[in-house]
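**Student:** Questions regarding the structure given below will be posed in turn.
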Amino acid sequence: MPEEKTSLKVASVAFSEGANIPVDYSCEGRNINPPLEILGIPEGTRSLVLVMEDHDAPRGIFDHWLVWNIAPGDPIAEGSVPGIEGRNGFGKTGYGGPCPPSGMHRYFFFGYALDAFLDLMAGADKKALFTAMEGHILASGQLMAYYKRIRSSL
């Protein structure tokens, strides 16, 4: 992705930067998305994109949530569908909570402000999403938090 002019802040009332993600938002809990907010949205933003990734997955970056055409300025409620959702690494459309096979993993929530709405079908993968975003990113930001499974196996 190209470098943006401004930075967004991605925040949650459920956890802070560098903290642990509560179990409710994992495969061991209710497996619903946490409440999130994207702040510092620049003028001219028409839609937002949110991408959640595990950067410590055994086979490389693992996609947990892809969602686009989110209304700027609206908080993302817990357990909500704030826009059009893409296919995650579990092969499903929608949110898939943290569920690392072992150890502590880092989870990144990336927010992007776009100057357009994306003409992309639900269930699209990350490659299609990032291709559609090219040339439309006004700003980006991230929130990073950790999760380690409570039980060693489900």
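Quick note: the coordinates plus some simple rules give every number you see, no bench work behind them. Everything numeric in this text was worked out from a predicted model, so none of it was measured. Note: ideal-geometry Cβ built from the backbone for every residue, glycine included; neighbour counts use all protein chains shown.
**Student:** Any chance segment 127-145 includes a residue that's of a type in the set (A, V, I, L, M, F, W, C) and assigned to a loop (DSSP other than H, G, I, E, B)?
**Tutor:** no
**Student:** Separate question: Does segment 57-67 contain any residue that is buried (at least 18 other Cβ atoms within 10 Å of the Cβ), of a type in the set (F, W, Y) and in a loop (DSSP other than H, G, I, E, B)? Give the steps one after another, and end with the answer.
**Tutor:** Narrowing segment 57-67 to residues buried (at least 18 other Cβ atoms within 10 Å of the Cβ): 62-67.
Among the residues that remain, those that are also of a type in the set (F, W, Y) are: 62, 65.
Still in the running and in a loop (DSSP other than H, G, I, E, B): none.
No, because not a single residue in segment 57-67 is buried (at least 18 other Cβ atoms within 10 Å of the Cβ), of a type in the set (F, W, Y) and in a loop (DSSP other than H, G, I, E, B).
**Student:** Among the candidates G79, G91, G103, which residue alone is surrounded by fewer than 17 Cβ atoms within 10 Å (Cβ to Cβ) and closer than 14 Å to Y25 by Cβ?
**Tutor:** Numbers: G91 fails: closer than 14 Å to Y25 by Cβ; G103 fails: closer than 14 Å to Y25 by Cβ.
Of G79, G91, G103, the one residue that is surrounded by fewer than 17 Cβ atoms within 10 Å (Cβ to Cβ) and closer than 14 Å to Y25 by Cβ is G79.
**Student:** Can you tell me which residue within segment 43-55, out of those that are more than 13 Å from the chain's Cα centre (by Cα) and surrounded by 15 or more Cβ atoms within 10 Å (Cβ to Cβ), is farthest from Q142 (Cα to Cα)? Walk me through how you get there before you give the answer.
**Tutor:** Let us first name the residues in segment 43-55 that are more than 13 Å from the chain's Cα centre (by Cα), namely 43-47.
Remaining after also requiring surrounded by 15 or more Cβ atoms within 10 Å (Cβ to Cβ): 45-47.
Numbers: T45: 17, R46: 19, S47: 16 Å.
Looking at the filtered set, the residue picked out is R46.
**Student:** Would you point out the residue of segment 24-42, among those that are assigned to a loop (DSSP other than H, G, I, E, B) and of a type in the set (A, V, I, L, M, F, W, C), that is farthest from A139 (Cα to Cα)? Explain how you work it out, then say what you get.
**Tutor:** Applying the first criterion (assigned to a loop (DSSP other than H, G, I, E, B)) to segment 24-42 yields 26-35, 40-42.
Restricting the remaining residues to those that are of a type in the set (A, V, I, L, M, F, W, C) gives 27, 32, 41.
Values: C27: 31, I32: 26, I41: 8 Å.
The qualifying residue farthest from A139 (Cα to Cα) is C27.
**Student:** Cβ-Cβ distance below 8 Å, separation of 6 or more or different chains: which pairs start in segment 85-106 with a residue that is closer than 30 Å to F117 by Cα and end on one that is assigned to a strand (DSSP E or B) and of a type in the set (S, T, Y)?
**Tutor:** As it stands, the answer is E85/T93; G86/T93; R87/T93; P98/Y107; P98/Y147; R106/Y146, since those pairs meet every condition given.
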